Amino acid sequence: MLFKNLEEIAAYIVDDGKGILAADESNPTCSKRFESIGVASTEEKRRDYREMLFRSDGMRENIGGVILFDETIRQKAADGTPLRDVISNQGALFGIKVDQGVKPIDGCPGETVTVGLDGLDERLREYASMGAKFTKWRAVIKIGSATPSKNCIELNTKALAKYAALVQANGMVPIVEPEVLMEGGHTIDSCYDVSRQVLQALFEHLEDEDVNLKGSLLKPNMVTSGVDCSVQASVDEVAERTLTCLKTYVPAEVPGVCFLSGGQSDVAATAHLDAMNRIGGFSWKLSFSYGRALQSPALSAWGGRADNIRSAQDAFSHRAAMNRLAAFGKWSKELEAD
Ligand code: 13P
């Protein structure tokens, strides 16, 4: 696939209701997911699992981009085809997670900043030469009684902006992911307030770094109640609060807003996306970049066994199709049962 510029790459990924499969779990995170189904996480098992997802029928119509981890971008399928080619043959672009995780912030107990700017330029050059068309960097913001601090928001959003500028200089589209975590007992009001501060700081820094917003994608959290909050907001409330926040702080030039699922159930993540697209009134494509919410049913159906591959692929294809419908505001609960 030939693209004239970053704008075309970003537009391609979210074209026609398509979204992104986040398959960039680090090895420790992947081990945690595999543990939940009683499978040991070896390099070969991780390859088998991801190859199974990438070869699913549901990839072609519903997935415009796949985010990979460094191990996967170098791996070959069982028949020797690079996994990168398996993805391209499905009509999707592949991208790469380039942050290097989080480290504690001095003087801010319990808070972290995402690192990975050292040596990033060189790593980006290699990934671009392998054919990666986009990248991802995830910042993590935790809501607590005294957090997040201004410092945490500043450090994380500044790093996101520096990352995005460097990625564009290397000819790839940056996915900019500021995640306000769902973990905690906070209310939806707190989530709104923190998400607002984070987005405001982020777009100021992106402007300072001269990032071309038309050649970027935003991957935000939805505005939800904390998982341990005694009052859980309804689907309509999550949709309304999230959209109000995004419409106020996300410039119209951003071509796509692709949510993370953040620990929501697979169907809740779809229902929220659908509700927002029914409301409408925004210029960006509003789509998905889910990890768990796209993969969980497939992971359970697979259970590490080759004879379950077909049913696991069907489970993945179903979730991908449901989310594409949600990106058009055309999903319904009844379709889940079909
Ligand atoms: P979840 O959808 O499971 O939150 O994963 C998305 C992701 O890429 C987190 O960085």
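The values are calculated or read from the model by the stated rules, or taken from the named source; none is laboratory data. If you're wondering where the values come from, they're calculated on a predicted model, not measured in any experiment. Here the Cβ is made from the backbone with ideal geometry for all residues, glycine too, and neighbour counts use every protein chain on show. Ligands, DNA and RNA are stripped out before the accessible areas are found, and what is left, the full protein with its side chains, is counted by its heavy atoms. Shrake-Rupley method; radii C 1.70, N 1.55, O 1.52, S 1.80 Å.
A few points about this structure:
- Subset of the range 256-287 that is more than 16 Å from Leu218 (Cα to Cα) and not in a helix (DSSP H, G or I) - its residue that is farthest from the ligand (Cβ to nearest atom): Gly281
- When the range 288-301 is filtered for residues that are crowded, with 18+ Cβ neighbours inside 10 Å, over 14 Å from the mean Cα position of the chain (by Cα) and either assigned to a loop (DSSP other than H, G, I, E, B) or within 16 Å of the ligand (Cβ to nearest atom) (or both), the ones remaining, listed by number, are Ser296, Pro297, Ala298, Leu299.
- For the range 129-148, the set of residues classified as open to solvent by 60 Å² or more (accessible area, probe 1.4 Å) and over 19 Å from Leu83 (Cβ atoms) consists of Arg138, Lys142, Ser145, Ala146, listed by residue number.
- Residue list for the range 149-185, restricted to those being under 14 Å from Lys214 (Cα atoms), assigned to a loop (DSSP other than H, G, I, E, B) and either open to solvent by less than 10 Å² (accessible area, probe 1.4 Å) or within 16 Å of the ligand (Cβ to nearest atom) (or both): Met172
- Annotation note: Cβ proximity below 8 Å between a residue of the range 74-99 that is among the aliphatic types (A, V, I, L, M) and a residue that is modelled with pLDDT under 95 (sequence gap 6+ or interchain) occurs for Leu93/Met1.
- Out of Gly131, Gly144, sole residue that is at pLDDT 95 or above and more than 21 Å from the chain's Cα centre (by Cα): Gly144
- Among (1) farther than 25 Å from Asp314 by Cβ; (2) assigned to a loop (DSSP other than H, G, I, E, B), the one test that Glu25 misses: (1)
- Gly304 surrounded by fewer than 17 Cβ atoms within 10 Å (Cβ to Cβ), under 30 Å from Arg50 (Cα atoms), within 14 Å of the ligand (Cβ to nearest atom) and touching a residue at least 12 places away in the same chain (Cβ under 8 Å): no
- Of all residues in the range 82-135 being touching an Asp or Glu at 6+ places or on another chain (Cβ under 6 Å) and of a type outside the set (Gly, Ala, Ser), the one that is nearest to Asp70 (Cα to Cα): Lys97
- Scanning the range 235-254 for residues that are open to solvent by less than 40 Å² (accessible area, probe 1.4 Å), among the aliphatic types (A, V, I, L, M) and in contact with a helix residue (DSSP H, G or I) (Cβ under 6 Å, 6 or more places away or on another chain) turns up Val238, Ala239, Leu243, Val254.
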